[in-house]
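A.B. asks: Handing you this structure, nothing more for now.
The values are calculated or read from the model by the stated rules, or taken from the named source; none is laboratory data. Everything numeric here is computed off the predicted structure, so don't read it as measured data. Methodologically, a virtual Cβ is constructed for each residue, glycine included, from the backbone with ideal geometry; neighbour enumeration extends over all protein chains shown. With ligands, DNA and RNA removed, areas are computed over all heavy atoms of the protein, side chains included. Shrake-Rupley method; radii C 1.70, N 1.55, O 1.52, S 1.80 Å.
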Amino acid sequence: MNTFAPTTEQRQIWYLATLGRDALLRELAPLGFASSTTHDPMGLAAQIVSAPLSVPAAHQAAQTVLRPLLAAETFSVSIMDDLGSEEHLGIVPVIGEHTAGAVTGLYAELLLFDLSGLLNKAAYRLSRLPDDRTWIIDTEFQPSGVPATQRPFGSSRLGRNRTVLAPFAAELDRLASQARLT
């Protein structure tokens, strides 16, 4: 099986279009971009990352938003299915304890790349409260960069929860325990 690692540019575009989108829009607000420019998350991220000289102030704003990605933890996971094994690269820009209101638990941001061809990219905001058995998906982004589902950290856990697969949860648990030790 061929494996393709995402380039730095691909990682940056996917982060800015998903997990970093709100922060990017806040940073860009003083620059007065038209809403027609900012409505497409992937297009905006690609434009800013791919052409830094066209709008230097926008590129500088993006660099501020990309800081968590620079220190991100990474891991590789193989997932077996009926068709064989798929290699995934996980990039975790943020992980650690988080408090929102009266709720305290773990929070993580996860970018996933399928290394068999950079297909099925995924981005998630995840939480794990003390009573949770695994990581719960609070926000899941579509390939366009727009959130498909979005719940605030610590929101009601009633009903059927969406969780990450066990190999990804194990890596997130490992990274969370490392974060607690530092």
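A.B. asks: Within the stretch 116-131, which residues are in a strand (DSSP E or B) and free of Cβ contacts under 8 Å to residues at least 60 places away in the same chain?
C.D. replies: The answer is LEU119, ASN120, ALA122, TYR124, LEU126, SER127, ARG128.
A.B. asks: Follow-up. Quick check on this structure: which one of ASP132, ASP81, ASP114 is among the acidic types (Asp, Glu), open to solvent by less than 40 Å² (accessible area, probe 1.4 Å) and farther than 16 Å from PHE4 by Cα?
C.D. replies: ASP132
A.B. asks: Failed condition for VAL146, given (1) buried (at least 20 other Cβ atoms within 10 Å of the Cβ); (2) within 25 Å of HIS39 (Cβ to Cβ), with all others met?
C.D. replies: Checking VAL146 against (1) buried (at least 20 other Cβ atoms within 10 Å of the Cβ); (2) within 25 Å of HIS39 (Cβ to Cβ), the one that fails is (1).
A.B. asks: Is it the case that the stretch 98-110 has a residue that's touching a helix residue (DSSP H, G or I) at 6+ places or on another chain (Cβ under 6 Å) and in contact (Cβ under 8 Å) with a residue 40 or more places away in the chain? It would help to see each step written out before you state the result.
C.D. replies: Quick first cut of the stretch 98-110, residues touching a helix residue (DSSP H, G or I) at 6+ places or on another chain (Cβ under 6 Å) only: 106, 108.
Adding the requirement that they be in contact (Cβ under 8 Å) with a residue 40 or more places away in the chain leaves 106, 108.
Looking for residues that are touching a helix residue (DSSP H, G or I) at 6+ places or on another chain (Cβ under 6 Å) and in contact (Cβ under 8 Å) with a residue 40 or more places away in the chain, one finds at least one in the stretch 98-110, hence yes.
A.B. asks: So the check is Cβ under 8 Å with 6+ separation or different chains; which pairs have a first residue in the stretch 151-175 that's exposed (fewer than 13 other Cβ atoms within 10 Å of the Cβ) and modelled with pLDDT under 65 and a second one that's of a type in the set (S, T, N, Q) and assigned to a loop (DSSP other than H, G, I, E, B)?
C.D. replies: Cβ pairs passing all conditions: none.
A.B. asks: Taking the residues in the stretch 30-49 that are more than 14 Å from THR18 (Cβ to Cβ) and either open to solvent by 70 Å² or more (accessible area, probe 1.4 Å) or among the charged types (D, E, K, R) (or both) as candidates, determine which candidate is modelled with the highest pLDDT.
C.D. replies: Ranking the qualifying residues of the stretch 30-49, first place goes to PRO30.
A.B. asks: Restricting attention to the stretch 90-103, does a residue exist that is surrounded by 13 or more Cβ atoms within 10 Å (Cβ to Cβ) and among the hydroxyl-bearing types (Ser, Thr, Tyr)?
C.D. replies: The answer is no, given that none of the residues of the stretch 90-103 is surrounded by 13 or more Cβ atoms within 10 Å (Cβ to Cβ) and among the hydroxyl-bearing types (Ser, Thr, Tyr).
A.B. asks: Inside the stretch 1-29, can you point out the residues that are without any contact (Cβ under 8 Å) to a residue 24 or more places away in the chain and open to solvent by 60 Å² or more (accessible area, probe 1.4 Å)?
C.D. replies: Selection gives THR7, THR8, ASP22, ARG26, ALA29.
A.B. asks: Considering only the stretch 50-74, state which residues are under 10 Å from LEU24 (Cα atoms) and open to solvent by less than 40 Å² (accessible area, probe 1.4 Å).
C.D. replies: Within the stretch 50-74, ALA58, ALA61, ALA62, VAL65, LEU66 meet the criteria.
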